[in-house]
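Here is the structure we will look at.
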Amino acid sequence: MSDLFARRLLVVTGKGGVGKSTVAAALATVAGSRGRRVLICELSARERMPALFGTRPSGAEVGLITPRISSVHVRPNEAMREYALMVLKFRAIYSAVFENRMVRYFLRAVPSLSEIVMLGKVCWHALQDDRFDLVVLDAPATGHALSLLSTPSTILELVNEGPLARDMRAMQALLEDARRSAVSLVALPEEMPVNEAVDLAAQLRKVVRMARGPDFLNAFFPSRFSEAAISSLKKDQDPNLEIAARAARAYEDRAALSAFYLEKMRTELGRPPICVPHLFSESFGALQVAQLAEVLDREIPA
Amino acid sequence: MSQLGKLLGERRVLVCVGPGGVGKTTCSAAMGLRAAMDGKKVLVLTIDPARRLANSLGISAIGNTETRITDASFRSARLSPKGQLWAMTLDMKLVWDDLVRRHAPSEKRRDQILGNRLYRQLSTKLAGSLEYMAMEKLFELAQSRDYDLLVLDTPPTVHALDFLEAPNRLLDVLDNDAARWLLTPALAAGEIGLKFGSLGASYVARTLAKFTGAQLLQELAQFLVAFRGMYEGFKERATLVKALLESEQTGFVLVTSPQTLAVDEAIFFARALREEQIPMQAAIMNRVYPQQTGAPSVATLRAAGVEETLAQTLAQTAQDYALLARADHAAQLRLASVLGPEIPLHSIPRFVRDVHDLRGLWEVNEHLFGDSA
Ligand SMILES: Nc1ncnc2c1ncn2[C@@H]1O[C@H](COP(=O)(O)OP(=O)(O)OP(=O)(O)O)[C@@H](O)[C@H]1O
Ligand SMILES: Nc1ncnc2c1ncn2[C@@H]1O[C@H](COP(=O)(O)OP(=O)(O)OP(=O)(O)O)[C@@H](O)[C@H]1O
Ligand SMILES: [Mg+2]
Ligand SMILES: [Mg+2]
């Protein structure tokens, strides 16, 4: 894989709750430490990125997280406004048309409209915003991400004239250019998340034709004990040894599952994912993101 | 008998709600299985079940067909139900098509809608569409009275409340004055020979067209024209569905996992249901790490004769596990304090493997009902 962070746009997706935001944050940290100026675009219902880094929420405006990393929470209404203003040029027209209550209502019926403007905003930052070298998109979960990324081609099926069509073509060109963008899949070492990642990889090949960045197997349990070590504890009846043996056994069960799904991802996706260790901690924040970034820094070639 | 057991006995409809990925489908299927074991004829209406579960139950992932779980499946799980267990996967596109067929005033109108290019997108992507269709199907099945119990598994929603608001939102979009106002010139041009020129009458429409392209707007106008006259039917249904959900026949079960964000959402959901005056009868916390009896220290393990490096790893691992269990316990307490004493909170431990067959579902039931196997 050629230099991942030399691209303009990295999309991170996977099943709900697998650690997309966490991996996106760690990736941004690594890119930042390698000198890139990074913008994380968050496309979820609730803004979480600043909290993950231990900074204040930045909302729909771009906010600085560290000197190298900024984030923005992409929201449909604000994105709509920005986009419309860009196309229409005049605020007066925008107000007359888009701030019309009836029109707002009506626009909800246009399929994919919010996706168009949100992806449009992300692509605008990736293509035209000189403040940043790289945009990391913390994308929605699988199905939704797929429809988001395929919006340009869906819209182009319906529309082939005017500013919308022109912008969709530019977005599609960015997404399909392997030198400028890539998509990474995140899974957990569990049945459904891995299946979804595998399905999504196939769908992406068919529908979106984006280049694939590294995949991530998150919350991985590396093996800690040999079988012999655990059974050596069983010989005598010391209750402390029993407790320890039970925990070790439970841990190794998880480790075995991790190994199983690592192998499954490797065979079904044709290459091994990067394993992101499960972190045991009461809370999850800046410290944990930094810890995971260290792991990724070792795994992702410069 | 546990409160859940009572619910299965008394209600005709059970709805499992909760955040994404926590085990709603698993719990729906498990409760359905339990009722079937007890002698009921049960249908579990699922959305997007895990492939392994669907495969092992023999229900196909597509097609809206009610499928009976075979005796052979039960035998291989060493179970002999007194009743029947049926399952069905909801295919949103097909439910939409059915609905259009049922409500379309004429064949011509029906074909116009089914053939509209926007329809395909609207029917699968419009916010609230899936939720509306789930309710629609539920209502249809409840009407037919073929089953003693219907268990409805719900789709994962971005906002927990979407599920309840979805039907109204969908109707809003389909039947909205704004669309009529905006497209009146276009609509007035009638169903045939709708020309974009007719949109040009309105300044607003023209400006919008600059933005979306004329084609898209035109197709949308055509789509809305075709839907005219069907709103009433839709609306009536939505009202009836709402009445069913609020009635005594229906029970709500909240499912969540101990993860902080999932619990936040579950709490939000519980409050929302309360505000909507929809009583929730039980809650389940799934995938919980059981409480540990304490973690031995390195010194203790060394004293018991364990070699240094192994003792260190063991102590660390026991500590790590205790931490997970502590966090899960705190999550249970947090949710329970919001639910109050009336709503029991059941918990299901985290199994090593996923739950993918009848036997696995039965094991889940042991934790829900205590007296299963
Ligand atoms: N490597 C890890 N070790 C331990 N916990 C983790 C790890 N990665 C993520 N988590 C925890 O898992 C939870 C989900 O992570 P995250 O929010 O990144 O997932 P997501 O895929 O972005 O979720 P969503 O689909 O809701 O956006 C968080 O509470 C996070 O703290
Ligand atoms: N107690 C448990 N222990 C281990 N695995 C479980 C447990 N409960 C559920 N699972 C597994 O977790 C996965 C998700 O469960 P399920 O499909 O029931 O969740 P869901 O809430 O319906 O998800 P979605 O919101 O995506 O529809 C499945 O693979 C299931 O087998
Ligand atoms: Mg996220
Ligand atoms: Mg489900």
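The values are calculated or read from the model by the stated rules, or taken from the named source; none is laboratory data. None of the values given here were measured: they were computed from a predicted structure. Backbone-built Cβ (ideal geometry, glycine too); neighbour counts: all protein chains shown. In case anyone asks, the SASA skips ligands and DNA or RNA and just uses the protein heavy atoms, side chains included. Shrake-Rupley method; radii C 1.70, N 1.55, O 1.52, S 1.80 Å.
What to note about this one:
- Selection of GluC sites (Glu not before Pro), region B:208-280, meeting DSSP coil and at most 12 other Cβ within 10 Å: B:E248
- In this assembly, the B-A interface accounts for approximately 5600 Å² of buried accessible surface in total, computed with a 1.4 Å probe and without ligands, DNA or RNA.
- Angle of helix A:20-33 to the longest C-alpha principal axis of chain A, folded into 0 to 90 degrees and rounded to 10: 80°.
- Cα-based shape type of region B:7-86, given that a ≥ b ≥ c are square roots of the gyration tensor eigenvalues and the cut on a/c is 1.5: oblate
- Overall, the ratio between the Cα radius of gyration of region A:116-243 and 2.2 N^0.38 Å, rounded to two decimals, is 1.61.
- Cα long-axis angle, helix A:162-176 against chain A (0 to 90 degrees, to the nearest 10): 30 degrees
- Taking region A:214-302 and dividing mean pair separation by its residue count, relative contact order in percent (alpha carbons under 8 Å, at least six apart): 41 percent
- For region B:39-116, the Kirkwood hydrodynamic radius from C-alpha pairs, put into Stokes-Einstein at 37 °C and a viscosity of 0.692 mPa s, yields a diffusion coefficient of 226 µm² per second.
- Per residue Cα convex hull volume in Å³ - calculated over chain A: 147 Å³
- Contact order relative to length of region B:251-373, as percent, for alpha carbon pairs under 8 angstrom and 6 or more apart: 30 percent
- In order through region B:81-92: 3J(HN,Hα) via Karplus (6.51 cos²θ - 1.76 cosθ + 1.60), integer Hz, x for Gly, Pro: x, 7, x, 10, 10, 10, 9, 8, 9, 7, 9, 4
- Across all Cα pairs in region A:235-302, the calculated P(r) in 5 Å bins from zero up to the longest distance comes to 4, 13, 14, 15, 19, 15, 10, 6, 4, 1, 0 percent per bin.
- For the protein assembly as shown, the calculated P(r) over all alpha carbon pairs, in 20 Å bins from 0 to the bin holding the longest distance, is 17, 47, 31, 4, 0 percent.
- Looking at region B:287-373, the trypsin sites (Lys or Arg not before Pro) that sit in a DSSP loop and have at most 12 other Cβ atoms within 10 Å of their own Cβ are B:R353.
- Surface per residue (accessible, 1.4 Å probe) for the protein assembly as shown, Å²: 42 Å²
- Computed [θ] at 222 nm, deg cm²/dmol, the protein assembly as shown (DSSP H ≥ 4; -39,500 (n - 2.57); rounded to nearest 500): -17000 deg cm²/dmol
- Distance from the C-alpha centroid of region B:244-282 to that of region A:171-247: 32 Å, rounded to the whole angstrom.
- Percent carbon-and-sulfur accessible area, chain A, ignoring ligands, DNA and RNA, probe 1.4 Å: 53 percent
- Each residue of region B:347-362 was assigned a 3J(HN,Hα) from its phi angle through the Karplus curve 6.51 cos²θ - 1.76 cosθ + 1.60 (θ = phi - 60°); the sequence is 10, 10, x, 7, 7, 5, 9, 5, 9, 9, 8, 4, 4, x, 5, 5 Hz, with glycine and proline shown as x.
- Under 5 Å from the amide H of A:S184 lie the amide H atoms of A:V11, A:V12, A:T13, A:G213, each residue being 5 or more positions distant or on a separate chain, with H modelled from the backbone and absent for Pro and chain starts.
- Inter-part distance where region A:1-45 and region A:248-280 are each reduced to a Cα centre, Å: 22 Å
- Each part reduced to its alpha carbon centroid, region B:325-373 and region B:1-68 end up 16 Å apart.
- Taking 20 °C and 1.002 mPa s as conditions, region B:234-368 diffuses translationally at an estimated 120 µm²/s according to Stokes-Einstein applied to its Kirkwood radius (Cα pairs).
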